[in-house]
1. In region 12-43, what residues are over 15 Å from residue 118 (Cβ atoms) and touching a strand residue (DSSP E or B) at 6+ places or on another chain (Cβ under 7 Å)?
2. Do the conditions hold for residue 144, that is, is it modelled with pLDDT under 90 and assigned to a helix (DSSP H, G or I)?
3. For region 33-71, name all the residues that are within 23 Å of residue 140 (Cβ to Cβ) and of a type in the set (Phe, Trp, Tyr).
4. Filtering region 84-101 down to residues that are out of contact with any helix residue (DSSP H, G or I) (no Cβ under 7 Å at 6 or more places or on another chain) and aliphatic (A, V, I, L, M), which residue is nearest to residue 136 (Cα to Cα)?
5. Is there any pair with a first residue in region 89-118 that is closer than 13 Å to residue 74 by Cβ and touching a residue at least 40 places away in the same chain (Cβ under 8 Å) and a second that is among the β-branched types (Val, Ile, Thr) and in a strand (DSSP E or B) whose Cβ atoms are under 7 Å apart and which are 6 or more apart or on different chains, and what are they?
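The values are calculated or read from the model by the stated rules, or taken from the named source; none is laboratory data. Note that this is a predicted model, so its numbers are computed, not measured. With ideal geometry, Cβ positions are generated from the backbone for all residues, glycine too; neighbour counts draw on all protein chains shown.
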Amino acid sequence: MENDNKATGAFEPKLVAFVCNWCTYVGADLAGTSRLKYASNVRVIRLPCTGRIDFMLILKAFAQGMDGVIVSGCHPGDCHYTVGNYHARRRWILFRSLLDFAGIDVRRVHFAWVSAAEGAKWADLVNKVSGEVRELGPYKEYQGLAGKGIA
C-alpha cells in the first residue's frame, strides 16, 4: 500500500497544493525555514497567482491519484496582480458545482488565503487538510475519471 504510513500502517493521503508565488509559496517557505512541523505528504506547485489556476488542473490531480487538493494565495485585497485572488474566488464558487457533478467530494478540495508572513498558518492548514482527507480515506474514483478522458 503506497499511501500507508510505514510505522503505523495508517493511510497517509497524497495531497497537492497549487499556491501563489507571491504569498503562499513564501509562507510555506517560512514554515520550512522556521522548522514548523507539518505533514510531509503535500506536493507544492507554485503558480504566478491563484487567478491563473485552470481548475482542470484540480481534476487532473485527482485523475493522477491525489487524495486531496489545496488552492491557496494572497488575502483578498493583497494580490500582487491586484484582483487575481478575486477572480479565483469567483471561479471557485462555480467550480464547486462541477466537483459535485463529477462526483468528487468537495471536502477534498480546500481553498485558503495564506500570506508570506503566515508560515504557522500554512503548517496548520496542511495538517488540518491532511487530517480531514485522511478521515475521508483514499480517493479511488480517479480511475473512473481517467476513463472519461480527464486524465
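1. 12, 13, 15, 16, 18, 21, 41, 42, 43
2. Criteria met by residue 144.
3. 55, 62
4. Checking each candidate, the answer is 98.
5. That search, which allows pairs on different chains as well, returns 111/71; 112/70.
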